[in-house]
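The structure under discussion appears below in the form of structure tokens.
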Amino acid sequence: MNVLAFPEFPRPAVTVTLWQEPQHLTLAEAQARLADQGYVAVKWRSEPHQAYLPHAHIYTELLWLVEGELTVALTAERRLLELGPGDRMEVPAGIVHALQAGPEGAMYLAATR
């Protein structure tokens, strides 16, 4: 009996960009850069240790951390990412992830285009 193999599909990957610039990222600068790149952004603030349970979106989401720390759990990959001020992460549509703010909380922009 011949069995057809299920086709392989490319798996979207989460992209992380670490902040490398010498100056501290400001909220206004992050908002301006995102607008220049065609994003619509919403400022989001999480209280210390506040967590968001595993979830996914039907759209690609970009998170750009401005203040504090954010731990991101990529549940399917069994991987934790630690983001600091200035770091940004793009989560493709359909990727399950969870978030937890650090001990000082976190302020970030959540953006889509």
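Coordinate-derived values only; no laboratory data. Everything numeric here is computed off the predicted structure, so don't read it as measured data. Glycine gets a Cβ as well: all are built from the backbone with ideal geometry, and neighbour counts include every protein chain shown.
Okay, here's what the table says:
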| read-out | value |
| --- | --- |
| Under Karplus coefficients 6.51, -1.76 and 1.60, residue-wise ³J(HN,Hα) of segment 53-69 in Hz, glycine/proline x | 4, x, 7, 9, 10, 8, 9, 6, 10, 10, 10, 10, 6, 9, 9, x, 10 |
| Acute angle (nearest 10 degrees) that the helix 27-36 long axis makes with the longest principal axis of the chain, alpha-carbon atoms | 50 degrees |
| Cα-projected label distance for Y52 with F6, points at 7 Å along beta-carbon direction, nm | 2.9 nm |
| Efficiency of FRET between T75 and Q37 - r from beta-carbon atoms, R0 25 angstrom, step 0.05 | 0.35 |
| Whole-Hz ³J(HN,Hα) from phi, Karplus 6.51 cos²θ - 1.76 cosθ + 1.60, for segment 11-17, glycine and proline x | 9, x, 10, 6, 10, 10, 10 |
| Where GluC sites (Glu not before Pro) fall in DSSP loop in segment 4-88, at most 10 other Cβ within 10 Å | E8 |
| Global geometry of the chain, whether rounded, prolate or oblate, following the gyration tensor of its Cα atoms and the 1.5 cut on a/c | prolate |
| Where labels lie 7 Å past Cα in the beta-carbon direction, separation of T112 and A28 in nm | 2.9 nm |
| In order through segment 97-104: 3J(HN,Hα) via Karplus (6.51 cos²θ - 1.76 cosθ + 1.60), integer Hz, x for Gly, Pro | 8, 10, 10, 9, 6, x, x, 9 |
| Rounded, prolate or oblate (a/c below 1.5 giving rounded, otherwise prolate when a/b exceeds b/c) for segment 1-62 by Cα gyration tensor | prolate |
